[in-house]
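The values are calculated or read from the model by the stated rules, or taken from the named source; none is laboratory data. What you see is a predicted model; the values in this text were computed from it and never measured. Note: ideal-geometry Cβ built from the backbone for every residue, glycine included; neighbour counts use all protein chains shown. What goes into the accessible areas is simple: the full protein's heavy atoms, side chains included, and nothing from ligands, DNA or RNA. Shrake-Rupley method; radii C 1.70, N 1.55, O 1.52, S 1.80 Å.
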Amino acid sequence: MNLQPNSDEVQIIDAVASFMAEQLPVSRYRDLTEGAAQLTPEEWQKVVDLGWIGLGLEEQHGGLGCSVVEEILMFREVGRQVGPLALLGSVIGARVAALAGQSELRDSILSGKERVAIAIPAEVSMSAASRLDGAIQLFGTDSACYAVLVDQNGAVLFETDSLLLSKVPCLERHLSLATATLKQHTAIAYVEGALDPVAVRLTILASAMQVGGAEATRDMSVAYAKERQQFGQLIGSFQAIKHICADMAVRCEEACTQLFYSSLCLRDRGIVEARREIAATAFLAARAGIENAAANIQVHGGIGMTAELAAHWYLKRAHVLDQVIGNSRRQLDLLVI
Amino acid sequence: MNLQPNSDEVQIIDAVASFMAEQLPVSRYRDLTEGAAQLTPEEWQKVVDLGWIGLGLEEQHGGLGCSVVEEILMFREVGRQVGPLALLGSVIGARVAALAGQSELRDSILSGKERVAIAIPAEVSMSAASRLDGAIQLFGTDSACYAVLVDQNGAVLFETDSLLLSKVPCLERHLSLATATLKQHTAIAYVEGALDPVAVRLTILASAMQVGGAEATRDMSVAYAKERQQFGQLIGSFQAIKHICADMAVRCEEACTQLFYSSLCLRDRGIVEARREIAATAFLAARAGIENAAANIQVHGGIGMTAELAAHWYLKRAHVLDQVIGNSRRQLDLLVI
Amino acid sequence: MDLDFTQTEKLFREQVAAWLHENVPKEPRPYEGDVSRAFDVAWQRKMYDAGWAGIAWPSEFGGRGLATMQQLIWYEEYAKAGAPWAGNVFVGINLAGPTLILEANEDQKAFHLPKILRGEVTWCQGFSEPSAGSDLASLRTRAVIDGDHLVVNGQKIWTSFGSHAQYQMLLVRTNPDVPKHKGISWVICDMSTPGITVRPIEIMSGGHHFCEIFYDDVRIPLSNVVGKINDGWRVTMATLSFERGTAFMADCIELEKKIVELTEHARMHSSPLGSGKAIDDDEIRRRLGQVRAESSALRSIILAAISRNESTGKPGPESSIVRLHFSQVQQRVFKLAMDILGPAQTIMSELGQGWSQPYLRSYASSIAGGTAQVQRNIIGERILGLPK
Amino acid sequence: MDLDFTQTEKLFREQVAAWLHENVPKEPRPYEGDVSRAFDVAWQRKMYDAGWAGIAWPSEFGGRGLATMQQLIWYEEYAKAGAPWAGNVFVGINLAGPTLILEANEDQKAFHLPKILRGEVTWCQGFSEPSAGSDLASLRTRAVIDGDHLVVNGQKIWTSFGSHAQYQMLLVRTNPDVPKHKGISWVICDMSTPGITVRPIEIMSGGHHFCEIFYDDVRIPLSNVVGKINDGWRVTMATLSFERGTAFMADCIELEKKIVELTEHARMHSSPLGSGKAIDDDEIRRRLGQVRAESSALRSIILAAISRNESTGKPGPESSIVRLHFSQVQQRVFKLAMDILGPAQTIMSELGQGWSQPYLRSYASSIAGGTAQVQRNIIGERILGLPK
């Protein structure tokens, strides 16, 4: 029993972390004009070339054959830099295509040719089925012709080009967002919930991004508290700031260790035993993501509320991720029933 | 428009405060052995002699004819010393007897001859009616032959000597508590909710006690923070302690000003306009009562959790008062619907 | 204690309500930019012409010379009528004007006060600096006396509407060799003076009304110093004590309206946390009730503060309680709104509209004008008397 | 990372579970007093005789000499089997014993360790003082060398089971003229020595296991000093690092059981906040889910801390995270229980039983062993590296 990453795992962490820090750091958002896309085609190609889309997919499906454990370690580092949501859409999309036997589409996604938007029901009544009805919201439609919609009942992959998309501004300015209404829309690929729990995978990967974000904002606050002076002292010496940072650290420890534990459960003990653990992860990770992002803004004071500092991207992303998994607080019911 | 007590009101405040501080200070509980009653007959007589039971009752009913405003000012000071709950029972009991035309019983209560226990439903299903059914809890049965039960539907006064009372230990060790089951038990006096809102009166008076408690614990914490040294400094200079005290002060200000405002509403604008304001008071006062009591224990550290310091009596009383009014959080619905 | 208004006050309320009912602009206030300034000054001029500007200002400067209670009534009715936020004229009317009335000399008052009241000029605040933050008195913008002028060099930040203002209340360090509170002066700065550069700052909720201002050998006549030279900290304390004041009542009523609107929204829309309408969710409904209770208390707290001020004659440190409470309730309301919106929370609403943009905006309320941490220090030290 | 246990560990777990299943006392542990001590030492002796005492202690002193992982497995199975709290023997087994193993001389070890393990003696802690509180190192209890003895005068407080212990780990100031951390010694105090007075303190939840202890010219042989004289602070740090440790896993599993029990209660009883069962209330149900999630995380945090300790060899400041988290979750669970109980919350439950008494008891968990404020200081300074 060991909850410390081993050397192989550390290697993945380091590789993803250094690529993200060098190529896709959160600071890049500052220089993007309003309405610019999250990623250029060149940036996307770099991500694709690293093989991240297929990292956790079985080799027989064209993936690298790693497990969910490696996948959460990757997404945690991606989340630390508010990395591309398109990666999450494509990772889940490729999995749905693979499981539904759509190998051509799967390969297009793995090769980066097709990107996959993430769709969520705009009202809670909708549910995944082979024919879809209802209002949806889609994240990342600017360069995607496919979208994936996931819930407890299953996961569907469908084409978006026949849809009437209404673009709306997203909380994250560089993330394209559209609403659409589906009427008996045919799914290209449909995976029932019981076959492979795509919902669980989406939940834990999004949670990993939340954990990365929570850790990044903790680190930003701590670094600032060690350099910013007020009233002739480093602000980190004031308990009002120190204790905010301590609480951020506790939320990280809570969410991160539970993320590790639940991913190991999923890998080694199966979905039945892992389901509750992942529900706990989802709640704690979203709480850490949102509350640490908020605390980080407060620690930075005035500069924290500007668009110039990266702090707000973490807050916005934390809200988006929470909706991507259909609201982490709904998972609390799974822990009681 | 003025939310500062005028000189007549200050006189009431001072009179009650000084009697309580001299005759019935919270410190007296320390010396009472387990199982001792909250009040001796002599102490009760002193309270009766001051005319407090009839303070807010109309003169035609044998009261002093003051309004609910004077009554909340009195109960705030009583609450500041965790004063006798029997006073609340008798004030409400006298009102029910008066409104139901039971003038003899009313006079016995006003004269202190009969004390009135406060009954609450042990399960929420019960409701006030002229014949009572269901399980109840009674506070202060040790010297009372009557009990009053109040809810939205009305208020009833009934005899307790024919009941099979099961004594149970109360959170407040010196407060007698019993459970009983009523079977078509006949009320001696029944006042419908619409006639005179006894429930509203009970709610605001209990809230006044909560406010007094919240202010007392704030003051205890502030005083301790100014005298206790740790790490070579007064603990009040640590932000961790200072900010707890500041939050206590905010909760007091919130609850107390709303208590004043809502009592003025009830006096001058009537029940319809006051109802929502009193619901807000109930919630805020209970929150201040419970959270300040808890914070006060934390500020005092080890000594705060002993039975020797008065801190715990405030916490216990805050819980009891919250149940006496049927749970302040239920009042939140009144603010939405 | 009483909630009664005098006959005069009641009459005043009726007049205010009637006038506002007729005259409140029908079109929404533009959120920012030149158009918003034009809108704000036009509306100010309209109020001035009808005799509603400067209700508590002395009549010799064009005010009405009435009591705080009337001003409170004005703000209550103002918010109830849905009248627009003061925006560009706020600093002149609520901070600069009152400070000048108390501290300026006759020439300064005669020149500036009427212009402010008529909406001819707008003012901005030049207090905060990047390195000072909550520790306002540690400001570093230097002013050196050169003949009958001050020569100013330095930088200010968080200046609302700085791009559009004609004048600024500017704090400068005129003596660096004494303790920090003793070498500060409060000066009137004409924003068109050469050497001033204004750079708008974008904030996380969108919008650019905050600015950074750079001073490069900016020459300000010594006659623009308000109070004495190096006595600026005392003047500043007066300015800060006016911040919001009775105007808080308008914010409070605004917030109550938002809560009612949110409650209606919850009544009409599905719960993002389960089945049924949002309002049927026990947790959501109670949180709506809680913010409702807290906003009621906010009103009571403001009324109590005004009652206290009436007897003592000036605002006390209790304003920190109002400020802290307001920021907490406001942030809770908008956080609740995000939870009620569910998926739609990811859509950015227009500036000043809807819920998600104001939600982001609400993060400023525990930072701007002194962080929540600083407010708690003030409450602890100045109200409760705890050691520094 | 993995959750696997080795074959040896699995076998060990089976043996532990089987033995506990057969041997855990059927009768409940008496909450306090002589009867509780008798119960605790009998149960300790039973474990000792079966070879389960001192799983990670060196075999030369009667332990099993096994790894931390086995000790963790023991505590997991111990809690699952509903085995009783260690009570009177806790300090000896979990604090005094491990400290002596690390720091004591051979004579001290040979004399004390077997007695502790066999349950022949119980120990108590003499660290805290009334005026020291969270600032442990400022302790004032004086010890002066007189021949081959120390003569102790002073007072200790918050000594659990002080009335029933034979020995005490006692911190005394042996040099008042040096900085506070450098003049402290860690000594073994025989509680039957003349001059010692023990006064039980009643706490708010009832129960008297905390004591005040007064020392009036108490003579302790110099041979009872553990480590060197004036080197007690270093020894103390070792002692404190053992506090709880793997035993936290038992507390964690206990807490999980309470949450399950509370959930069942909520399923069976009416909601005190509305109609229907308590569990059907959206807010109550989510709060149950929340504490469930948090207690799961508590287990994960403990496992991660143990993994870290295994590689570094000793507990780090991360134990402050475990401690702070545990106290928060525990207090939330019991506060939720009070809310679910509704009217019945006003009935005081028996010592250690039900909900209201443990609710009151839970207030101690953010105070005892370092307040939540001190834990946050440690996390901020020693884990995050923030300035003092």
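Return the distance in nm (one decimal) between the two label points of a simple spin-label model at D:K10 and C:K257, each offset 7 Å from Cα along Cα→Cβ.
6.9 nm
Please report the projected area of the protein assembly as shown's Cα convex hull averaged over all directions, in nm².
Working: hull surface 223.6 nm².
Its average projected convex-hull area is 55.9 nm².
Mind grabbing the interface size between B and C? I mean buried accessible area, both sides, 1.4 Å probe, in Å² to the nearest hundred. Can you show the working numbers first?
On the way: alone 15040 and 18560 Å², together 29610 Å².
Buried area (both sides, nearest 100 Å²): 4000 Å².
If all Cα-Cα distances of the stretch A:7-192 are sorted into 10 Å bins from 0 onward, what percent lands in each bin, rounded to whole numbers?
Values per bin, smallest distances first: 10, 36, 36, 17, 1, 0.
Take the Cα pairs of the stretch B:117-255, get the Kirkwood Rh, then feed it into Stokes-Einstein at 37 °C and 0.692 mPa s and tell me D in µm²/s. Write down the numbers at each step before the final one.
Working: Rh = 17.8 Å.
The estimated diffusion coefficient comes to 185 µm²/s.
Per-residue ellipticity at 222 nm for chain D, helices alone: DSSP H runs ≥ 4 residues times -39500 (n - 2.57), over residue total, nearest 500 deg cm²/dmol? Could you put the intermediate results ahead of the total?
Working: 11 runs with 166 residues, N = 388.
Here the helix-only value at 222 nm equals -14000 deg cm²/dmol.
With a point put 7 Å past each Cα toward its Cβ, work out how far D:D177 is from D:D34 in nm, to one decimal.
4.8 nm
Find the centroid of the Cα atoms in the stretch C:194-268 and in the stretch D:26-94, then give the distance between the two in whole Å.
The distance from the Cα centre of the stretch C:194-268 to that of the stretch D:26-94 comes to 65 Å.
How large is the helix-only mean residue ellipticity at 222 nm for chain A, computed as the sum of -39500 (n - 2.57) over DSSP H runs with n ≥ 4, divided by its residue count, in deg cm²/dmol to the nearest 500?
Working: 10 runs with 172 residues, N = 337.
The per-residue figure over chain A is -17000 deg cm²/dmol.
Cα axis of helix D:106-118 to longest principal axis of chain D: angle in degrees, 0 to 90, nearest 10?
Relative to chain D, helix D:106-118 is tipped by roughly 30 degrees.
With an 8 Å cut-off on Cα pairs and a minimum separation of 6 or more residues, tell me the relative contact order of the stretch B:217-267 in percent. Numbers along the way, then the final one.
Details: 22 pairs, mean separation 13.5, N = 51.
About 26 percent, as a whole number.
To two decimal places, what compactness ratio does chain B give when its Cα radius of gyration is scaled by 2.2 N^0.38 Å?
Dividing the Cα Rg of chain B by 2.2 N^0.38 Å gives 0.97.
Quick check: the distance between the Cα centres of the stretch B:98-174 and the stretch A:18-91, to the nearest angstrom?
Measuring centre to centre over Cα atoms gives 68 Å.
Quick check on the stretch C:7-122: take the gyration tensor over C-alpha atoms, sort the square-rooted eigenvalues as a ≥ b ≥ c, and tell me if it's rounded (a/c under 1.5), prolate or oblate. Each step should come with its number before you reach the end.
On the way: a/c = 2.11, a/b = 1.10, b/c = 1.91.
Cα axes put the stretch C:7-122 in the oblate bin.
List the distances, in nm to one decimal, from the label point of D:T312 to the label points of the same position in every other copy, shortest first, placing each label point 7 Å from Cα along the Cα-to-Cβ direction.
Ordered by distance, the counterparts are at 4.9 nm.
At C:K26, with labels set 7 Å past Cα in the Cβ direction, how many nm apart are the copies from this one, shortest first?
8.8
Taking a 20 Å limit on the Cα-Cα distance, which of the listed pairs A:K242/C:K388; B:K226/C:K182; D:K109/D:K182; C:K109/C:K228 fall beyond it?
Details: A:K242/C:K388 18 Å; B:K226/C:K182 29 Å; D:K109/D:K182 25 Å; C:K109/C:K228 15 Å.
Violating the 20 Å limit, Cα to Cα: B:K226/C:K182; D:K109/D:K182.
Under 20 Å from a label point 7 Å along Cα→Cβ of A:N6: give me every residue in the stretch A:239-273 with its amide N that close.
Residues A:257-270 fall inside that zone.
Classify the stretch D:124-230 from the C-alpha gyration tensor, please: rounded if a/c falls under 1.5, else prolate or oblate depending on whether a/b exceeds b/c.
On the way: a/c = 2.20, a/b = 1.41, b/c = 1.56.
Taking the square roots of the gyration eigenvalues as a ≥ b ≥ c, the stretch D:124-230 is oblate.
Using +1 at the Cβ of each Lys and Arg and -1 at the Cβ of each Asp and Glu in the protein assembly as shown, identify which of D:S241, B:H61, A:A199 lies farthest towards the dipole's positive end.
D:S241
Please build a GNM for chain D, connecting alpha carbons under 10 Å apart, and tell me which residue among D:H325, D:H181, D:H269 fluctuates the most.
In this elastic network of chain D, the residue with the biggest mean-square fluctuation among D:H325, D:H181, D:H269 is D:H269.
Give the residues of the stretch A:263-298 whose amide nitrogen is closer than 19 Å to a point set 7 Å from the Cα of D:L3 in the direction of its Cβ.
Only A:263-285 fall inside the zone, counting backbone N under 19 Å.
What translational diffusion coefficient, to the nearest whole µm²/s, does the stretch D:47-205 have by Stokes-Einstein, given a Kirkwood radius computed over alpha-carbon pairs, a temperature of 20 °C and 1.002 mPa s viscosity?
On the way: Rh = 17.2 Å.
It comes out at roughly 124 µm²/s.
Roughly how tilted is helix A:7-23, in degrees to the nearest 10 and between 0 and 90, from the longest Cα axis of chain A?
80 degrees
Averaging sequence separations of C-alpha pairs under 8 Å and six or more residues apart, then dividing by the length of chain D, give the relative contact order as a whole percent.
On the way: 632 pairs, mean separation 48.7, N = 388.
Result for chain D is 13 percent.
Calculate the translational D of the stretch A:198-335 in whole µm² s⁻¹ from Stokes-Einstein, where the hydrodynamic radius comes from the Kirkwood formula applied to all Cα pairs, the temperature is 20 °C and the viscosity 1.002 mPa s.
Details: Rh = 15.4 Å.
Stokes-Einstein gives a translational diffusion coefficient of 140 µm²/s.
Given a cut-off of under 8 Å on Cα pairs at least six residues apart, what relative contact order in percent is computed for the stretch C:245-383? Intermediate values should be presented prior to the final figure.
Details: 131 pairs, mean separation 32.3, N = 139.
Answer for the stretch C:245-383 is 23 percent.
Would you mind listing the distances between the B:N6 label point and the same position in each other copy? Use 7 Å along Cα-to-C-beta, nm, one decimal, shortest first.
For B:N6, the inter-copy label distances come out at 8.2 nm.
So what does B:C265 come to for accessible area, using a 1.4 Å probe and Å² rounded to 10?
0 Å²
Note down the nm distance, to one decimal, between modelled labels 7 Å out along Cα→Cβ at B:K167 and at D:E350.
1.8 nm
Placing one identical point scatterer on every Cα of the stretch B:1-98 and ignoring solvent, what is log10 I(q)/I(0) from the Debye formula at q = 0.12, 0.22, 0.24 Å⁻¹?
For the requested q values the scattering log ratios are -0.41, -1.20, -1.35.
Straight-line reach only, C-alpha to C-alpha below 30 angstrom: list the lysines that D:K277 could link to, leaving out same-chain residues fewer than 8 apart.
Partners found: B:K167, B:K183, B:K316, C:K277, C:K335, D:K80, D:K257, D:K258, D:K335.
Which FRET efficiency, nearest 0.05, do B:E42 and B:E123 yield, Cβ-Cβ r, R0 45 Å? All intermediate terms of the calculation are to be shown ahead of the outcome.
On the way: r = 38 Å, r/R0 = 0.84.
Calculated transfer efficiency: 0.75.
Using a 1.4 Å probe on the protein heavy atoms only, what accessible surface does C:S296 show? Give it in Å² to the nearest 10.
The accessible area comes out at roughly 10 Å².
For the stretch D:288-332 and the stretch A:257-334, what is the separation of their Cα centres, given in Å?
18 Å
Just want the answer: with Cβ charges of +1 for Lys and Arg and -1 for Asp and Glu, which residue in A:S111, A:T306, D:Y78 is farthest toward the dipole's positive end in the protein assembly as shown?
Ranked along the dipole, the leading option is A:T306.
Under 19 Å Cα-Cα from C:K115, which lysines qualify once same-chain neighbours fewer than 8 residues away are excluded?
C:K46
Hey, got a sec? Which GluC sites (Glu not before Pro) in the stretch A:21-98 land in a DSSP loop and have at most 12 other Cβ atoms within 10 Å?
On the way: sites: A:E22, A:E34, A:E42, A:E43, A:E58, A:E59, A:E70, A:E71, A:E77; in loops: A:E34, A:E58.
For GluC sites (Glu not before Pro) across the stretch A:21-98 that sit outside H, G, I, E and B with at most 12 neighbouring Cβ atoms in 10 Å, the list reads A:E34.
By its C-alpha gyration tensor, with a ≥ b ≥ c as the square roots of the eigenvalues, how is chain D shaped: rounded for a/c under 1.5, else prolate for a/b larger than b/c, else oblate? Show your work: numbers first, answer last.
Details: a/c = 1.65, a/b = 1.44, b/c = 1.14.
Prolate, since a/c reaches 1.5 and a/b exceeds b/c.
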